[in-house]
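In what follows, a single structure is set out as structure tokens and then discussed.
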Amino acid sequence: MNIKQFISIFETACPEILAMPKDPIGLQIGDLNRPVASVLVTLDVRPEVVKEAIEKKVDVIFSHHPLIFHPIKQLDFSNPNDKMIADLIKHNITVYSAHTNLDIVPGGMNDWFCEKLELSNVEILHPTKQLNRYDISLKVAPASVERVYEELEELDFPVRCSLNEEAFEWTSWVDEQEIQWLQTTISEAYLEDMSHWVHKLQHHADLVFNVTKDYFSSQNFGLGRVGELPFDMAIDQFLAYMTDKMGWRDFRLVEGQTVPNTIKKIAILAGDGGNFYNDVYNKSADLFITGDLYYHTSHDIMELPFYAVDPGHYMEHIITEKLVDWFKQQTELLEINFIPSQINTDPFKFSK
């Protein structure tokens with residue numbers, strides 16, 4: 001398998017179209033046509049991470065934060081960051097980054113935190129994009145019913161626009177003429193797959209294929225999540241619970257006005273999410289978890305009826321655990337060795 005094929009499998013599940021505008025994701029450095037045998041997964045691309053990649057002889061560094069945020073005007077190899085780029089080129093290491101598309105995609109960054117905190121009734125905090133949904137119906141002649149059901153059992157489209165496994169839920173009924181009807185609803189992300197499958201099936205089965213746009217529902221995407229804890233907790237109890245679940249020992253706490261007596265509804269937006277505090281207020285969350293809370297933003301939050309917890313931007317290093325797990329579950333990628341980076345790239349140290 002080459003790097004382009006590997007990236008294609010990932011981008012089927014987590015496409016670039018989900019990313020926020022002007023986010024410099026995708027290929028950063030390298031040749032997509034080179035073969036891939038090993039991939040290092042990291043939050044950041046730093047000189048020490050590149051050294052790790054060289055020592056482990058990996059072909060690809062897969063990062064969350066892009067290596068190149070701004071155009072490069074010059075490369076001065078006496079500068080450690082510029083030398084890092086030279087080392088990547090010298091050792092033929094490709095760098096690929098998935099940033100806000102990984103934050104937004106269902107089953108991605110923010111859902112990983114919801115899973116860790118055991119949140120239920122999870123919804124999107126800040127909507128960014130939606131795809132249409134379509135009602136699919138198959139009208140199957142009696143002689144073709146068995147063949148169609150056999151094909152349905154084998155139906156296995158690649159998962160699109162989600163890191164979660166998905167299955168199509170079909171309903172069926174038989175009309176007065178003994179005609180079998182099958183119906184399901186799909187995202188437009190699967191419409192081409194479904195059309196190709198049905199047209200192929202029509203070569204050896206008698207069926208009619210109907211597609212109708214569903215004007216009352218859509219597949220929604222967005223930044224951040226809001227969900228409910230397993231039970232109500234006092235603030236001190238929640239902070240202990242959060243520390244146990246997430247392993248965060250150092251964090252900042254902002255206390256708003258008229259905060260609730262107990263914590264139940266949690267909003268979370270990984271990375272730098274302080275500017276979305278109005279979305280948190282509109283969702284009536286009791287507590288907001290995000291990184292990089294600024295001084296004046298925190299003053300604004302102090303006037304609102306919820307707590308805010310800032311564990312730092314490094315909270316996103318969960319990628320080295322969760323994304324490696326996802327890669328290893330993809331059968332097409334079993335021949336590739338996925339390695340979680342062991343380098344701590346958090347620039348902040350806390351005195352005790």
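A quarter of the convex hull surface defined by the alpha-carbon atoms of region 114-156 gives 6.1 nm² as the mean projection. The phi-based Karplus calculation (6.51 cos²θ - 1.76 cosθ + 1.60; θ = phi - 60°) puts the 3J(HN,Hα) values of region 80-86 at x, 5, 6, 5, 4, 5, 4 Hz, whole numbers, x for Gly and Pro.
With semi-axes defined as the square roots of five times the eigenvalues of the C-alpha gyration tensor, the equivalent ellipsoid of the chain measures 40, 31, 16 Å, largest first. Label-to-label distance, Lys57 versus Ser8, with points set 7 angstrom from Cα along the beta-carbon direction: 2.8 nm. Lys283: net charge of surrounding residues, Cβ under 9 Å, Lys/Arg +1, Asp/Glu -1, itself excluded? Local net charge: -1. Annotation: average projected area of region 8-96 is 6.2 square nanometres, based on the convex hull of Cα atoms across all directions. Normalised by the number of residues in the chain, the average gap of Cα pairs under 8 Å and 6 or more apart makes the relative contact order 20 percent. Multiplying the residue separation of Trp173 and Lys200 by 0.36 nm and subtracting their alpha-carbon distance yields 7.4 nm. In straight-distance terms, cross-link reach from Lys22 covers every one of the lysines whose alpha-carbon lies under 21 Å from its own, apart from those fewer than eight places away in the same chain; here that gives Lys73, Lys129. Between region 235-300 and region 154-184, the alpha-carbon centres lie 40 Å apart. So how tilted is helix 191-201 from the main axis of the chain? Cα-based, degrees 0 to 90, rounded to 10. Between the helix axis and the principal axis of the chain, the angle is about 30 degrees. Computed with the Debye formula from one identical point scatterer per Cα of region 55-176, without solvent, the log10 of I(q)/I(0) at q = 0.17, 0.18, 0.22 Å⁻¹ comes to -1.05, -1.10, -1.30. For region 1-91, the solvent-accessible area of protein heavy atoms averages 53 Å² per residue (probe radius 1.4 Å; ligands and nucleic acids excluded). What a 1.4 Å probe finds exposed on the chain is 49% carbon and sulfur by accessible area, rounded to a whole percent. Sorted from longest to shortest, the spans of the Cα atoms of region 134-194 along the three principal axes equal 41, 21, 17 Å. Percent of C-alpha pairs per 5 Å bin in region 91-245, short distances first: 2, 7, 13, 15, 13, 12, 10, 9, 8, 5, 3, 2, 1, 0.
Among Pro66, Pro106, Pro142, the residue with the largest mean-square fluctuation in a Gaussian network model of the chain, with springs joining Cα atoms closer than 10 Å, is Pro142. Under 15 Å of direct C-alpha separation, and excluding same-chain neighbours fewer than eight residues apart, Lys200 reaches these aspartates and glutamates: Glu150, Glu151, Glu154, Asp156, Glu192. With a Förster radius of 35 Å applied to the C-beta separation of Ile68 and Ser38, the computed FRET efficiency comes to 0.95. For the pair Ile89 and Asp300, a Förster radius of 35 Å applied to the C-beta separation gives a FRET efficiency near 0.20, rounded to the nearest 0.05. Normalising the average separation of contacting C-alpha pairs (under 8 angstrom, six or more residues apart) by the number of residues puts the relative contact order of region 286-352 at 28 percent. Highest average first, the peptides 328-337, 92-101, 9-18 ordered by how many other beta carbon atoms sit within 10 Å of their residues are 92-101, 9-18, 328-337. Between Lys116 and Glu332, the distance separating the two model label sites (each 7 Å from Cα on the Cα→Cβ line) works out to 2.9 nm.
The values are calculated or read from the model by the stated rules, or taken from the named source; none is laboratory data. These figures come from a predicted structure and were not determined experimentally. Here Cβ is always computed from backbone atoms with ideal geometry, including for glycine, and neighbour counts include all displayed protein chains. Surface areas here come from the heavy atoms of the whole protein model, side chains and all, with no ligands, DNA or RNA. Shrake-Rupley method; radii C 1.70, N 1.55, O 1.52, S 1.80 Å.
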